[in-house]
Amino acid sequence: MIRNIKVEHLMETPVEKQQIELVERKGVGHPDSIADGLAEAVSRALCAEYIKKCGVVLHHNTDETQIVAGRSNPQFGGGEVMQPIYTLLVGRATKEFEGVEIPAEAVALKAAREYLRTTIVDLDLESDMIVDCKLGTGSSDLRDVFNRDQLPVANDTSFGVGHAPFSELEQIVLESERMLITDLKKSIPGIGTDIKVMGLRDGEDISLTICCGMVGRYVDDLDHYMNIKEEMADYVTDLALKRTDRSVVTRINAADKCDSVFLTVTGTSAEMGDDGSVGRGNRCNGLITPSRPMSMEATSGKNPINHIGKIYNLLSTQMARDVVKQVDEVQDVYIRLLSQIGQPIDQPLVASAQIIPADGANFASVRAETESVIDDWLGNITKITDMVIKGELNTF
C-alpha cells in the first residue's frame, strides 16, 4: 500500500542549541489536569464496558468534562472546604446497542470516583467534591465505524503532532512533577498534587519555577511551610543535576509573602477559585512546549477508535520516539499527521517528518529508514487503540 509519506531535511537549530527554551507541566492535581484525567478514566471505563457487553467499543466522547472551583478556608494544621468543588462529566455515550443496555452514567461515575480516590489523594470525596454526570446519547448506528473487523475512517479533517527526543529541560520538567508526587510526598505529605513546573533554559542556565499547593493539615506553621519549600527545592535541583551539567536554580511558590502562602485543604487549587477544562493543559506527551510544534487538540476523553484528535497525536508521538530509537544520526524529529474526514485512518492525507540530522549524516539513508518507521506504524495503527484501551498511553 502506497502512503503519502514525506520526509524532509529541516534547516533549523536544534532546540538544545537554541538560546531560550520554555517548558511547562501542569501536575495531576491542577484543575485542568483533573479534567483531563477524569475524561480519560471515564473513556477507558466505557471502552471496557462496551467490550464486555457488546464485544466492541461503541461510539463515545467524554472530552467536555468541567471542573468548577469551590471555596475553602485553609489553615495551618487543618482548614475546611466551605463549598465543594463541582465536577461535571460531560459528553456522549452509546447507551443501547442491538437491545443491550449499557449503564453509561453509572460506569462513568464509578470510574471518576476511583480515579479521584487514587490520584487526588488529599481530597475527601464525601465532602470536598460533587461529581455529576450528564452524558448525552451517542449514535447507535455507527456500528460500521466501530466494527473492529474493518479499519475505521477518520471522524474529522484534523492533524496530530509529535516530537522526539525530549531535551534535557523537557525531561527535567516532566520528571520533577512526577517524582515530587510519587516519591517525595511519601515522606512529606504536606506536598499537594497541584504542582505546576515552569522551566526556562537561558543558554547554559536552567531556572525552575514550581507552584505547589501545600496541604494544611500536614503543615504545622509558617516555619514548617518554609522548611518544606526548602526541601522541595533541594530535591528538584538534585534531581535536575542528574540530567544536566548546566546550572540549575529552583524556586518554590515564588509569590509567597509572610501573610499569604499557597496553603490548601485538598492539595489542589480547584478548591478555591481555579476552574478546569479538558485540553487546556499538557499535550499527550505530558508537557506544554512552546519551543516545539504542538497541536491544540484535547487528547483525553476522545474515543480511541476513529477520533483523529486523539489517535494522531498519540501516534505521531510514538512515531517520533521510534524514529529516534531506530534511525541513526537524528538530532530532532517532528511528525505531523493530517487526516481527511471519511478516509481510512491508516491513509493520512499526508504523514510529514521534519528531521534535523546530525552533522555529516547520510540523509538519503535517514529518509528511507524514517519512511519505514512511519509506514510500519500506519500499517499497525489499531495498536494505538489497543494501547489506549489498556491504559498503556498517557494522554496528558
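The values are calculated or read from the model by the stated rules, or taken from the named source; none is laboratory data. Please read all numbers here as calculations on a predicted model, not as lab measurements. Don't worry about glycine lacking a Cβ; one is built from the backbone with ideal geometry, like all the others, and counts go over all protein chains shown. Each accessible area value is taken on the protein alone, full model and side chains, heavy atoms only, with ligands, DNA and RNA left out. Shrake-Rupley method; radii C 1.70, N 1.55, O 1.52, S 1.80 Å.
Checking each residue in the range 165-180 for being of a type outside the set (Lys, Arg), in a helix (DSSP H, G or I) and either surrounded by fewer than 22 Cβ atoms within 10 Å (Cβ to Cβ) or out of contact with any strand residue (DSSP E or B) (no Cβ under 9 Å at 6 or more places or on another chain) (or both) picks out GLU168, GLN171, LEU174, GLU175, MET179.
Could you list, in sequence order, all residues of the range 64-80 that are touching a Ser or Thr at 6+ places or on another chain (Cβ under 6 Å) and either acidic (Asp, Glu) or open to solvent by less than 30 Å² (accessible area, probe 1.4 Å) (or both)? If the condition is that a residue be touching a Ser or Thr at 6+ places or on another chain (Cβ under 6 Å) and either acidic (Asp, Glu) or open to solvent by less than 30 Å² (accessible area, probe 1.4 Å) (or both), then ILE67 is the only one that fits. Within the range 319-347, being part of a loop (DSSP other than H, G, I, E, B), open to solvent by 10 Å² or more (accessible area, probe 1.4 Å) and not charged (D, E, K, R) holds for GLN340, ILE341, GLY342, GLN343, GLN347. Residues of the range 81-102 that are open to solvent by 60 Å² or more (accessible area, probe 1.4 Å) and either of a type in the set (Lys, Arg) or free of Cβ contacts under 8 Å to residues at least 24 places away in the same chain (or both): MET82, GLN83, ARG92, GLY99, GLU101. If only residues of the range 299-318 that are assigned to a helix (DSSP H, G or I) and in contact with a Leu (Cβ under 7 Å, 6 or more places away or on another chain) are counted, the one that is farthest from GLU40 (Cα to Cα) is SER316.
State which residue is nearest to the chain's Cα centre (by Cα) when the search covers only the range 75-128 and only residues that are among the small types (Gly, Ala, Ser) and in a loop (DSSP other than H, G, I, E, B). Selected residue: SER127. Only residues that are part of a loop (DSSP other than H, G, I, E, B), in contact (Cβ under 8 Å) with a residue 24 or more places away in the chain and either within 30 Å of ILE389 (Cβ to Cβ) or open to solvent by 30 Å² or more (accessible area, probe 1.4 Å) (or both) were counted in the range 14-60, giving 10. The conditions of being farther than 26 Å from GLY190 by Cα, modelled with pLDDT of 95 or more and surrounded by fewer than 16 Cβ atoms within 10 Å (Cβ to Cβ) are not met by ASP141.
Within the range 355-396, the set of residues being under 17 Å from ALA320 (Cβ atoms), open to solvent by 30 Å² or more (accessible area, probe 1.4 Å), touching a residue at least 40 places away in the same chain (Cβ under 8 Å) and outside any helix (DSSP H, G or I) comprises just one member, ASN394.
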